[in-house]
1. Using alpha carbon centroids, what distance separates region 3-17 and region 27-97, in Å?
2. Write down, largest first, the equivalent ellipsoid semi-axes of region 2-64 in whole Å, where each equals the square root of 5 times an eigenvalue of the alpha-carbon gyration tensor.
3. Arranged from highest to lowest average of other beta-carbon atoms within 10 Å per residue, in what order do the peptides 35-44, 18-27 appear?
4. For the chain, what does -39500 (n - 2.57) per DSSP helix run (n ≥ 4), summed and divided by total residues, give at 222 nm, in deg cm²/dmol to the nearest 500?
5. Give the accessible surface of region 19-95 per residue, rounded to a whole number of Å², with probe radius 1.4 Å and ligands, DNA and RNA excluded.
6. Could you work out the equivalent-ellipsoid semi-axes for region 22-157, taking the square root of 5 times each eigenvalue of the Cα gyration tensor, largest first, in whole Å?
7. Find out how many positive minus negative residues lie around residue 112, taking Lys and Arg as positive, Asp and Glu as negative, among other residues whose Cβ is under 14 Å from that of residue 112.
8. How much net charge surrounds residue 19 when only other residues with a Cβ under 14 Å from its Cβ are counted (Lys, Arg +1; Asp, Glu -1)?
Amino acid sequence: AQARVYRCHLGNLQTAPLPPAGAPVLVYPMFMLSGTSSGRKLVEGLQQAYRHAAKQPQLYFQPVLGASPWLAEAAAREIDPQTRSDVGVLVVAHDSTLPEPPPEPALFCRRLRELLPGTEIALSYFNQAPEARDVLRNMSAAHILVLPFLLTEGVHTHRDLPTAEDAAAC
């Protein structure tokens, strides 16, 4: 029920209404990939907010949004390679400060390849190897669909995505 759904963000955990602590609390991190914010900052922030309220509920963290198989299924329906067999897909994921890239973008690409056999699908990152412009140079499809693996339209979508000029240069 909508009355049992609570929303907040990392910046307002101390002041946001929190779910009652008398039952297990399911936490759905609205992040595209696992990392410091979706892991350590979110966990510590929620624990601190409940401690501040003198409560200690059981917190159950669901996988981040980027791990959902629904995303690849929805993308595959939109891409529809039967319309154009010469289309490749360049997935551009957010960079990470973790020692190795989060698993969600690669999982998404693997699922997309299973759903779109024969379609060239490549993974790249913003400001982290392999970078989008470098991967774009090595793709062989005649037309490339750039698919941002991001939750919202922020700075990366307006500033960092490869452009038609980048593609022409390749």
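The values are calculated or read from the model by the stated rules, or taken from the named source; none is laboratory data. Keep in mind that what you see is a predicted model, and the values were worked out from it rather than measured. Note that we place each Cβ from the backbone using ideal geometry, even for glycine, and neighbour counts take in every protein chain shown. Only protein heavy atoms, including side chains, enter the accessible area calculation; ligands, DNA and RNA are left aside. Shrake-Rupley method; radii C 1.70, N 1.55, O 1.52, S 1.80 Å.
1. Here the two parts' Cα centres lie 17 Å apart.
2. Equivalent ellipsoid of region 2-64: 18, 13, 11 Å, largest first.
3. Going from most to least packed, we get 35-44, 18-27.
4. That calculation yields -8000 deg cm²/dmol at 222 nm.
5. So region 19-95 comes to 58 Å² accessible per residue, rounded to a whole number.
6. Gyration-tensor ellipsoid for region 22-157: 35, 17, 10 Å.
7. Residues close to residue 112 contribute a combined charge of -2.
8. After counting each charged neighbour, the total is +3.
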